[in-house]
1. Would you check which residues across segment 118-138 are without any contact (Cβ under 8 Å) to a residue 40 or more places away in the chain and either in contact with a helix residue (DSSP H, G or I) (Cβ under 8 Å, 6 or more places away or on another chain) or surrounded by 19 or more Cβ atoms within 10 Å (Cβ to Cβ) (or both) and list them?
2. Would a scan of segment 69-78 turn up a residue that is more than 27 Å from residue 185 (Cβ to Cβ) and either touching a helix residue (DSSP H, G or I) at 6+ places or on another chain (Cβ under 8 Å) or part of a helix (DSSP H, G or I) (or both)?
3. Would you mind stating whether residue 22 is in a helix (DSSP H, G or I), at pLDDT 95 or above, touching a helix residue (DSSP H, G or I) at 6+ places or on another chain (Cβ under 9 Å) and over 15 Å from residue 104 (Cβ atoms)?
4. State which residue is farthest from residue 77 (Cα to Cα) when the search covers only segment 144-159 and only residues that are assigned to a strand (DSSP E or B) and touching a strand residue (DSSP E or B) at 6+ places or on another chain (Cβ under 6 Å).
5. Of the conditions (1) free of Cβ contacts under 8 Å to residues at least 12 places away in the same chain; (2) part of a strand (DSSP E or B), residue 98 clears all except one; give me its number.
6. Restricting to segment 172-195, name every residue that is assigned to a helix (DSSP H, G or I) and more than 22 Å from the chain's Cα centre (by Cα).
7. Is it fair to say residue 157 is surrounded by fewer than 18 Cβ atoms within 10 Å (Cβ to Cβ), touching a residue at least 24 places away in the same chain (Cβ under 8 Å) and under 23 Å from residue 33 (Cβ atoms)?
8. Any residue that is surrounded by 19 or more Cβ atoms within 10 Å (Cβ to Cβ), in contact with a helix residue (DSSP H, G or I) (Cβ under 7 Å, 6 or more places away or on another chain), in contact (Cβ under 8 Å) with a residue 40 or more places away in the chain and within 20 Å of residue 178 (Cα to Cα) - is there at least one of those in segment 41-61?
């Protein structure tokens, strides 16, 4: 059974992003994927200290900071696919997700004494995003950042499913929003089956 780790970045645990994830998660489970759903807003995720300690420890995350990022990164390493689920604030993901993304440094042993490796090389990466404005204007900076992260870390970017907030929570309960979430989950599951 393939494992999908969803990192949910919204501070509203029952808000728009959570609503959009409901049919997405249901379809993944129906497609025989194991789903680990991790909320980030209620976790202790410190910003990267730039100390490079992680770069001298091989085979594990190895960050010197003691917080919830260790358990989250263990879940990322154990997954076949990681989904970044976030509202777009100021053209990028939320603060806890950005802090976690900055800490990805410990997954890539490229800059120190540890043997050169990416602890998450080959994993599938996807984005589920909620946003205002139109898709390209709102989401392009974050999607570009994730695509560059994938290239740098040797990850396989599947794509993004974004839905625009035009009527608050109702926007994420429409037939089109639900159908799109289901279709994107099918794409994710298919990409995992063909691994």
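1. Result: 118, 121.
2. The answer is yes; a qualifying residue exists.
3. yes
4. 158
5. Of (1) free of Cβ contacts under 8 Å to residues at least 12 places away in the same chain; (2) part of a strand (DSSP E or B), only one is false for residue 98: (2).
6. If the condition is that a residue be assigned to a helix (DSSP H, G or I) and more than 22 Å from the chain's Cα centre (by Cα), then 175, 176 are the ones that fit.
7. Answer is yes for this residue.
8. There is no residue in segment 41-61 that is surrounded by 19 or more Cβ atoms within 10 Å (Cβ to Cβ), in contact with a helix residue (DSSP H, G or I) (Cβ under 7 Å, 6 or more places away or on another chain), in contact (Cβ under 8 Å) with a residue 40 or more places away in the chain and within 20 Å of residue 178 (Cα to Cα).
The values are calculated or read from the model by the stated rules, or taken from the named source; none is laboratory data. Computed from a predicted structure; not experimentally measured. Using ideal geometry, Cβ is built from the backbone for each residue, glycine included, and neighbour counts are taken over all protein chains shown.
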